[in-house]
1. Of the residues that sit in the range 109-159 and are in contact with a Leu (Cβ under 9 Å, 6 or more places away or on another chain) and of a type in the set (Gly, Ala, Ser), which one is nearest to residue 24 (Cα to Cα)?
2. Restricting attention to the range 54-78, report how many residues are open to solvent by less than 30 Å² (accessible area, probe 1.4 Å) and within 34 Å of the chain's Cα centre (by Cα).
3. What strands (runs of 3 or more DSSP E) lie completely within the range 53-114 and have 1 or more residues being β-branched (Val, Ile, Thr)?
4. Look through 331, 344, 292 and report the one residue that is open to solvent by 50 Å² or more (accessible area, probe 1.4 Å) and either in contact with a Lys or Arg (Cβ under 7 Å, 6 or more places away or on another chain) or of a type in the set (Val, Ile, Thr) (or both).
5. Give the number of residues within the range 32-53 that are more than 16 Å from residue 84 (Cβ to Cβ) and open to solvent by 30 Å² or more (accessible area, probe 1.4 Å).
6. Filter the range 295-313 down to residues that are among the aliphatic types (A, V, I, L, M) and surrounded by fewer than 17 Cβ atoms within 10 Å (Cβ to Cβ) and give me whichever is nearest to residue 131 (Cα to Cα).
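The values are calculated or read from the model by the stated rules, or taken from the named source; none is laboratory data. Here the structure is a predicted model, which is why all the values come from computation and not from measurement. Here the Cβ is made from the backbone with ideal geometry for all residues, glycine too, and neighbour counts use every protein chain on show. Each accessible area value is taken on the protein alone, full model and side chains, heavy atoms only, with ligands, DNA and RNA left out. Shrake-Rupley method; radii C 1.70, N 1.55, O 1.52, S 1.80 Å.
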Amino acid sequence: MLQKSPGIFLENAWYVAALSTDLNETDLLPRTLLNRNVLMYRTQNGEAVAIRDRCPHRFVPLHLGKREGDEVVCPYHGLRFNGSGTCTHNPHGNKLIPKAAKVRSYPVLERYGFVWIWLGDGEADESLLPDYSPLDIGHENAVAYTYMHTAANYELIVDNVMDLSHIDHLHGEIISTRGKLSPITPVLRETDTRVSARWEWEQTPAMLIFNQFLPKPEDEARHFFDITWAPPANIQLSVGATQTNGALDLENCIAQYDLHTVTPETETTTHYWFATRRNHLVEDANFNKIKIDAMHDAFANEDLPLLEAVEKEMDGDEFFSLSPVLMSNDIAPVKVRRLLRQLIEQQS
(Lines give C-alpha, C1' and ligand atoms only; values in the text may rest on other atoms or scores of the structure.)
Protein backbone atom coordinates (compact mmCIF):
# COMPACT_ATOMS: atom_id res chain seq x y z
CA MET A 1 0.00 0.00 0.00
CA LEU A 2 1.36 3.43 -0.92
CA GLN A 3 2.16 5.64 2.04
CA LYS A 4 1.86 9.03 0.38
CA SER A 5 -0.02 10.50 -2.56
CA PRO A 6 0.99 14.18 -2.90
CA GLY A 7 -1.64 16.48 -4.30
CA ILE A 8 -4.52 14.03 -4.01
CA PHE A 9 -5.73 14.73 -0.49
CA LEU A 10 -5.68 17.63 1.93
CA GLU A 11 -3.18 16.12 4.33
CA ASN A 12 -2.63 18.75 7.02
CA ALA A 13 -6.09 18.36 8.47
CA TRP A 14 -8.04 16.29 10.98
CA TYR A 15 -9.82 13.21 9.66
CA VAL A 16 -11.98 10.76 11.55
CA ALA A 17 -10.09 7.51 12.04
CA ALA A 18 -12.59 5.61 14.20
CA LEU A 19 -15.46 5.90 16.61
CA SER A 20 -14.30 6.28 20.19
CA THR A 21 -16.15 3.04 20.95
CA ASP A 22 -14.07 1.19 18.34
CA LEU A 23 -10.95 1.33 20.51
CA ASN A 24 -10.36 -0.60 23.72
CA GLU A 25 -7.53 -1.63 26.03
CA THR A 26 -7.10 -5.14 24.58
CA ASP A 27 -7.56 -5.12 20.79
CA LEU A 28 -5.67 -3.67 17.82
CA LEU A 29 -7.54 -1.80 15.07
CA PRO A 30 -5.80 -1.58 11.68
CA ARG A 31 -7.20 0.82 9.09
CA THR A 32 -6.03 2.36 5.82
CA LEU A 33 -6.42 6.15 5.80
CA LEU A 34 -5.30 8.38 2.91
CA ASN A 35 -3.31 5.44 1.51
CA ARG A 36 -1.51 4.98 4.83
CA ASN A 37 -1.73 1.80 6.85
CA VAL A 38 -2.42 2.86 10.43
CA LEU A 39 -2.71 0.84 13.64
CA MET A 40 -4.82 2.18 16.50
CA TYR A 41 -5.50 1.04 20.03
CA ARG A 42 -6.24 2.35 23.50
CA THR A 43 -3.67 2.23 26.28
CA GLN A 44 -4.42 0.90 29.73
CA ASN A 45 -5.04 4.45 30.97
CA GLY A 46 -7.59 5.03 28.21
CA GLU A 47 -5.48 7.09 25.81
CA ALA A 48 -6.07 6.54 22.09
CA VAL A 49 -2.88 6.11 20.04
CA ALA A 50 -2.12 5.64 16.34
CA ILE A 51 1.10 4.43 14.72
CA ARG A 52 2.16 3.30 11.27
CA ASP A 53 1.12 -0.30 10.78
CA ARG A 54 4.52 -1.53 9.60
CA CYS A 55 7.57 -2.86 11.40
CA PRO A 56 10.70 -1.01 10.18
CA HIS A 57 12.69 -4.26 10.19
CA ARG A 58 11.01 -6.54 7.63
CA PHE A 59 7.89 -4.44 7.01
CA VAL A 60 5.44 -6.85 8.62
CA PRO A 61 2.07 -5.23 9.44
CA LEU A 62 2.16 -4.80 13.19
CA HIS A 63 -1.52 -5.60 13.60
CA LEU A 64 -0.60 -9.22 12.84
CA GLY A 65 1.30 -9.24 16.10
CA LYS A 66 0.02 -9.01 19.65
CA ARG A 67 -0.30 -6.56 22.50
CA GLU A 68 1.81 -6.71 25.61
CA GLY A 69 0.34 -4.12 27.91
CA ASP A 70 0.54 -0.79 26.10
CA GLU A 71 2.98 -2.10 23.49
CA VAL A 72 2.75 -4.03 20.24
CA VAL A 73 5.01 -6.98 19.43
CA CYS A 74 5.96 -7.70 15.83
CA PRO A 75 5.11 -11.36 15.11
CA TYR A 76 8.13 -11.92 12.86
CA HIS A 77 11.19 -11.18 15.04
CA GLY A 78 9.74 -9.90 18.30
CA LEU A 79 10.59 -6.19 18.15
CA ARG A 80 8.31 -4.31 20.54
CA PHE A 81 6.94 -0.77 20.05
CA ASN A 82 5.03 1.59 22.30
CA GLY A 83 2.24 4.00 21.39
CA SER A 84 4.69 6.74 20.41
CA GLY A 85 6.38 4.42 17.91
CA THR A 86 9.53 3.90 19.99
CA CYS A 87 11.12 0.45 19.92
CA THR A 88 11.42 -0.69 23.54
CA HIS A 89 12.75 -4.23 23.11
CA ASN A 90 15.04 -6.11 20.70
CA PRO A 91 15.41 -9.80 21.62
CA HIS A 92 18.36 -10.39 19.25
CA GLY A 93 22.14 -10.37 19.69
CA ASN A 94 23.33 -7.86 22.27
CA LYS A 95 19.74 -6.58 22.50
CA LEU A 96 20.76 -3.06 21.57
CA ILE A 97 17.95 -1.19 19.82
CA PRO A 98 18.96 0.21 16.40
CA LYS A 99 18.41 3.97 16.06
CA ALA A 100 16.33 3.39 12.94
CA ALA A 101 13.97 1.04 14.78
CA LYS A 102 11.17 3.59 14.98
CA VAL A 103 7.58 3.64 13.80
CA ARG A 104 5.87 6.89 12.92
CA SER A 105 3.18 7.93 15.37
CA TYR A 106 0.25 10.16 14.45
CA PRO A 107 -1.40 12.85 16.61
CA VAL A 108 -4.96 11.98 17.62
CA LEU A 109 -7.80 13.82 19.33
CA GLU A 110 -10.97 12.37 20.83
CA ARG A 111 -13.93 14.66 20.41
CA TYR A 112 -17.66 14.42 19.69
CA GLY A 113 -17.63 10.60 19.84
CA PHE A 114 -14.85 10.21 17.26
CA VAL A 115 -11.11 9.60 17.18
CA TRP A 116 -9.58 12.22 14.85
CA ILE A 117 -6.13 11.74 13.30
CA TRP A 118 -3.57 14.14 11.77
CA LEU A 119 -1.71 12.39 8.94
CA GLY A 120 0.13 15.34 7.36
CA ASP A 121 3.74 16.37 7.82
CA GLY A 122 2.78 19.80 9.16
CA GLU A 123 2.43 20.40 12.90
CA ALA A 124 -0.93 19.19 14.17
CA ASP A 125 -3.17 22.21 14.77
CA GLU A 126 -6.10 21.56 17.13
CA SER A 127 -7.74 24.82 16.06
CA LEU A 128 -8.39 23.31 12.61
CA LEU A 129 -10.80 20.75 14.05
CA PRO A 130 -14.33 22.16 13.58
CA ASP A 131 -16.61 22.55 16.58
CA TYR A 132 -19.29 19.86 16.60
CA SER A 133 -19.99 20.11 20.33
CA PRO A 134 -23.81 19.96 19.92
CA LEU A 135 -23.28 16.21 19.51
CA ASP A 136 -22.12 16.14 23.14
CA ILE A 137 -25.01 18.12 24.62
CA GLY A 138 -28.09 16.29 25.82
CA HIS A 139 -29.32 12.88 26.87
CA GLU A 140 -27.17 9.90 25.90
CA ASN A 141 -30.17 8.19 24.28
CA ALA A 142 -30.69 11.08 21.85
CA VAL A 143 -27.41 10.65 19.94
CA ALA A 144 -26.33 7.76 17.73
CA TYR A 145 -23.45 6.87 15.42
CA THR A 146 -22.90 4.55 12.50
CA TYR A 147 -20.15 3.59 10.04
CA MET A 148 -20.12 2.46 6.41
CA HIS A 149 -17.41 1.53 3.95
CA THR A 150 -17.91 2.32 0.29
CA ALA A 151 -16.09 1.68 -2.97
CA ALA A 152 -16.37 5.29 -4.12
CA ASN A 153 -14.21 8.41 -3.97
CA TYR A 154 -14.90 10.52 -0.90
CA GLU A 155 -15.79 13.64 -2.93
CA LEU A 156 -18.75 11.80 -4.45
CA ILE A 157 -20.12 11.33 -0.93
CA VAL A 158 -19.58 15.01 -0.15
CA ASP A 159 -21.41 15.91 -3.38
CA ASN A 160 -24.30 13.69 -2.32
CA VAL A 161 -24.81 15.35 1.05
CA MET A 162 -24.27 18.90 -0.20
CA ASP A 163 -26.97 18.41 -2.87
CA LEU A 164 -30.10 17.28 -1.04
CA SER A 165 -32.36 17.64 -4.06
CA HIS A 166 -31.77 13.93 -4.65
CA ILE A 167 -33.87 12.89 -1.66
CA ASP A 168 -37.15 13.18 -3.58
CA HIS A 169 -35.82 10.95 -6.36
CA LEU A 170 -33.61 8.39 -4.63
CA HIS A 171 -35.14 7.87 -1.20
CA GLY A 172 -38.48 6.68 0.08
CA GLU A 173 -41.48 8.49 1.50
CA ILE A 174 -40.13 8.93 5.03
CA ILE A 175 -37.77 11.78 4.07
CA SER A 176 -39.56 12.97 0.96
CA THR A 177 -40.32 16.67 0.48
CA ARG A 178 -42.93 15.71 -2.11
CA GLY A 179 -41.10 17.56 -4.85
CA LYS A 180 -40.75 20.81 -2.92
CA LEU A 181 -36.95 20.79 -2.66
CA SER A 182 -35.81 20.25 -6.24
CA PRO A 183 -37.07 23.61 -7.64
CA ILE A 184 -35.36 25.59 -4.87
CA THR A 185 -31.86 26.96 -5.37
CA PRO A 186 -30.26 27.00 -1.92
CA VAL A 187 -28.97 30.19 -0.35
CA LEU A 188 -25.18 29.98 -0.05
CA ARG A 189 -22.86 31.37 2.62
CA GLU A 190 -19.11 31.19 2.01
CA THR A 191 -15.85 31.89 3.80
CA ASP A 192 -12.24 31.04 2.95
CA THR A 193 -12.74 27.56 4.42
CA ARG A 194 -16.49 26.92 4.56
CA VAL A 195 -19.41 26.46 2.18
CA SER A 196 -22.95 26.51 3.60
CA ALA A 197 -26.27 25.93 1.86
CA ARG A 198 -29.77 26.55 3.22
CA TRP A 199 -33.21 25.53 2.00
CA GLU A 200 -36.58 26.63 3.43
CA TRP A 201 -39.93 25.29 2.27
CA GLU A 202 -43.46 24.27 3.27
CA GLN A 203 -45.12 20.92 2.69
CA THR A 204 -48.24 18.98 3.67
CA PRO A 205 -47.93 16.86 5.70
CA ALA A 206 -44.52 17.47 7.23
CA MET A 207 -41.63 15.12 6.52
CA LEU A 208 -42.55 11.81 8.07
CA ILE A 209 -39.47 11.78 10.29
CA PHE A 210 -41.00 14.76 12.10
CA ASN A 211 -44.74 14.96 11.55
CA GLN A 212 -45.78 12.65 14.40
CA PHE A 213 -44.09 15.01 16.85
CA LEU A 214 -45.92 18.12 15.60
CA PRO A 215 -49.29 19.33 17.00
CA LYS A 216 -51.18 18.51 13.77
CA PRO A 217 -49.38 15.64 12.02
CA GLU A 218 -51.37 15.82 8.79
CA ASP A 219 -51.23 19.60 8.36
CA GLU A 220 -48.76 21.86 6.62
CA ALA A 221 -45.40 22.60 8.27
CA ARG A 222 -42.44 24.84 7.58
CA HIS A 223 -39.09 23.14 7.09
CA PHE A 224 -35.40 23.94 6.77
CA PHE A 225 -32.13 22.29 5.82
CA ASP A 226 -28.91 24.02 6.78
CA ILE A 227 -25.67 22.36 5.70
CA THR A 228 -22.06 23.42 6.18
CA TRP A 229 -18.98 21.78 4.66
CA ALA A 230 -15.67 22.22 6.47
CA PRO A 231 -12.34 20.82 5.33
CA PRO A 232 -11.26 18.23 4.77
CA ALA A 233 -14.54 16.31 4.43
CA ASN A 234 -17.04 17.19 7.15
CA ILE A 235 -20.66 18.08 6.46
CA GLN A 236 -22.80 19.29 9.35
CA LEU A 237 -26.49 19.07 8.49
CA SER A 238 -29.35 20.49 10.54
CA VAL A 239 -32.95 19.78 9.57
CA GLY A 240 -36.24 20.57 11.24
CA ALA A 241 -39.95 21.34 10.94
CA THR A 242 -42.44 23.53 12.78
CA GLN A 243 -46.09 24.58 12.65
CA THR A 244 -45.48 27.85 14.47
CA ASN A 245 -44.33 31.23 13.19
CA GLY A 246 -41.04 31.01 15.08
CA ALA A 247 -37.53 30.84 13.70
CA LEU A 248 -36.50 27.92 11.51
CA ASP A 249 -33.67 26.57 13.62
CA LEU A 250 -32.77 23.75 15.99
CA GLU A 251 -34.18 25.52 19.04
CA ASN A 252 -37.61 26.31 17.61
CA CYS A 253 -38.31 23.23 15.51
CA ILE A 254 -38.70 19.51 15.89
CA ALA A 255 -35.24 18.87 14.57
CA GLN A 256 -31.98 16.98 14.46
CA TYR A 257 -28.28 17.89 14.26
CA ASP A 258 -26.29 15.56 12.01
CA LEU A 259 -22.66 15.16 11.08
CA HIS A 260 -21.53 13.35 7.96
CA THR A 261 -17.76 12.89 7.91
CA VAL A 262 -15.73 10.88 5.42
CA THR A 263 -12.10 9.82 5.28
CA PRO A 264 -10.48 8.55 2.08
CA GLU A 265 -9.16 5.04 2.41
CA THR A 266 -7.70 5.21 -1.09
CA GLU A 267 -8.51 7.29 -4.17
CA THR A 268 -11.50 5.02 -4.87
CA THR A 269 -12.61 3.77 -1.44
CA THR A 270 -13.90 5.68 1.57
CA HIS A 271 -14.72 5.39 5.27
CA TYR A 272 -18.06 7.06 6.01
CA TRP A 273 -19.27 7.98 9.49
CA PHE A 274 -22.60 9.49 10.44
CA ALA A 275 -23.80 10.95 13.76
CA THR A 276 -27.22 12.35 14.65
CA ARG A 277 -28.67 14.06 17.73
CA ARG A 278 -32.39 14.87 17.96
CA ASN A 279 -34.39 17.14 20.26
CA HIS A 280 -37.45 14.87 20.57
CA LEU A 281 -38.00 11.54 22.36
CA VAL A 282 -34.57 12.21 23.80
CA GLU A 283 -34.67 9.49 26.47
CA ASP A 284 -36.05 6.69 24.30
CA ALA A 285 -33.17 4.26 23.67
CA ASN A 286 -35.32 1.96 21.52
CA PHE A 287 -36.37 4.84 19.26
CA ASN A 288 -32.72 5.90 19.07
CA LYS A 289 -31.73 2.49 17.73
CA ILE A 290 -34.62 2.34 15.28
CA LYS A 291 -33.73 5.80 13.96
CA ILE A 292 -30.01 5.17 13.40
CA ASP A 293 -30.68 1.74 11.88
CA ALA A 294 -33.17 3.27 9.43
CA MET A 295 -30.76 6.04 8.44
CA HIS A 296 -27.90 3.58 8.05
CA ASP A 297 -30.03 1.35 5.83
CA ALA A 298 -31.09 4.30 3.67
CA PHE A 299 -27.48 5.31 3.05
CA ALA A 300 -26.17 1.77 2.65
CA ASN A 301 -28.96 0.50 0.40
CA GLU A 302 -29.85 3.62 -1.62
CA ASP A 303 -27.05 6.24 -1.69
CA LEU A 304 -23.93 4.10 -1.60
CA PRO A 305 -24.76 1.58 -4.37
CA LEU A 306 -25.48 4.52 -6.68
CA LEU A 307 -22.24 6.31 -5.75
CA GLU A 308 -20.25 3.11 -6.25
CA ALA A 309 -21.81 2.78 -9.70
CA VAL A 310 -20.77 6.37 -10.47
CA GLU A 311 -17.21 5.63 -9.30
CA LYS A 312 -17.05 2.62 -11.58
CA GLU A 313 -18.43 4.58 -14.53
CA MET A 314 -15.95 7.44 -14.01
CA ASP A 315 -13.15 4.85 -14.13
CA GLY A 316 -10.58 7.04 -12.41
CA ASP A 317 -11.20 10.19 -14.44
CA GLU A 318 -11.20 13.57 -12.70
CA PHE A 319 -14.74 14.89 -12.20
CA PHE A 320 -14.53 18.13 -14.18
CA SER A 321 -12.52 16.48 -16.97
CA LEU A 322 -15.67 14.56 -17.88
CA SER A 323 -17.53 17.84 -18.58
CA PRO A 324 -20.50 17.09 -16.31
CA VAL A 325 -23.77 18.84 -17.06
CA LEU A 326 -24.23 21.33 -14.22
CA MET A 327 -27.66 22.41 -12.95
CA SER A 328 -29.03 24.63 -10.19
CA ASN A 329 -28.80 21.80 -7.64
CA ASP A 330 -25.02 21.58 -8.21
CA ILE A 331 -24.19 25.02 -6.85
CA ALA A 332 -23.08 23.88 -3.37
CA PRO A 333 -21.14 20.71 -4.27
CA VAL A 334 -19.32 22.47 -7.11
CA LYS A 335 -18.31 25.29 -4.75
CA VAL A 336 -16.98 22.69 -2.31
CA ARG A 337 -15.01 20.83 -4.97
CA ARG A 338 -13.35 24.02 -6.16
CA LEU A 339 -12.53 25.24 -2.66
CA LEU A 340 -11.09 21.87 -1.67
CA ARG A 341 -8.90 21.86 -4.76
CA GLN A 342 -7.64 25.34 -3.86
CA LEU A 343 -6.75 24.20 -0.35
CA ILE A 344 -4.91 21.13 -1.68
CA GLU A 345 -2.98 23.27 -4.15
CA GLN A 346 -2.02 25.74 -1.39
CA GLN A 347 -0.75 22.80 0.66
CA SER A 348 1.42 21.60 -2.21
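1. Filtering first and then ranking leaves 113.
2. Within the range 54-78, the subset open to solvent by less than 30 Å² (accessible area, probe 1.4 Å) is 55, 60, 62, 65, 72-74, 78.
Right, trim to within 34 Å of the chain's Cα centre (by Cα) and you get 55, 60, 62, 65, 72-74.
Of the residues in the range 54-78, 7 are open to solvent by less than 30 Å² (accessible area, probe 1.4 Å) and within 34 Å of the chain's Cα centre (by Cα).
3. Details: elements: 66-68, 71-73, 87-89, 108-111.
Hits in the range 53-114: 71-73, 87-89, 108-111.
4. Numbers: 344 fails: open to solvent by 50 Å² or more (accessible area, probe 1.4 Å); 292 fails: open to solvent by 50 Å² or more (accessible area, probe 1.4 Å).
Going through 331, 344, 292 in turn, the sole match is 331.
5. Total meeting the criteria: 1.
6. Taking the range 295-313 first, the residues among the aliphatic types (A, V, I, L, M) are 295, 298, 300, 304, 306-307, 309-310.
Going one step further and asking which of them are surrounded by fewer than 17 Cβ atoms within 10 Å (Cβ to Cβ), we end up with 300, 306, 309-310.
Details: 300: 27, 306: 31, 309: 33, 310: 32 Å.
Only one residue fits best here, namely 300.
Results for (1) touching an Asp or Glu at 6+ places or on another chain (Cβ under 7 Å); (2) at pLDDT 95 or above; (3) assigned to a loop (DSSP other than H, G, I, E, B); (4) among the acidic types (Asp, Glu), shown as yes or no for each residue.
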{"residue": "271", "(1), (2), (3), (4)": "yes, yes, no, no"}
{"residue": "276", "(1), (2), (3), (4)": "yes, yes, no, no"}
{"residue": "289", "(1), (2), (3), (4)": "no, yes, no, no"}
{"residue": "292", "(1), (2), (3), (4)": "no, yes, no, no"}
{"residue": "296", "(1), (2), (3), (4)": "no, yes, no, no"}
{"residue": "305", "(1), (2), (3), (4)": "no, yes, no, no"}
{"residue": "309", "(1), (2), (3), (4)": "no, yes, no, no"}
{"residue": "316", "(1), (2), (3), (4)": "no, no, yes, no"}
{"residue": "332", "(1), (2), (3), (4)": "yes, yes, no, no"}
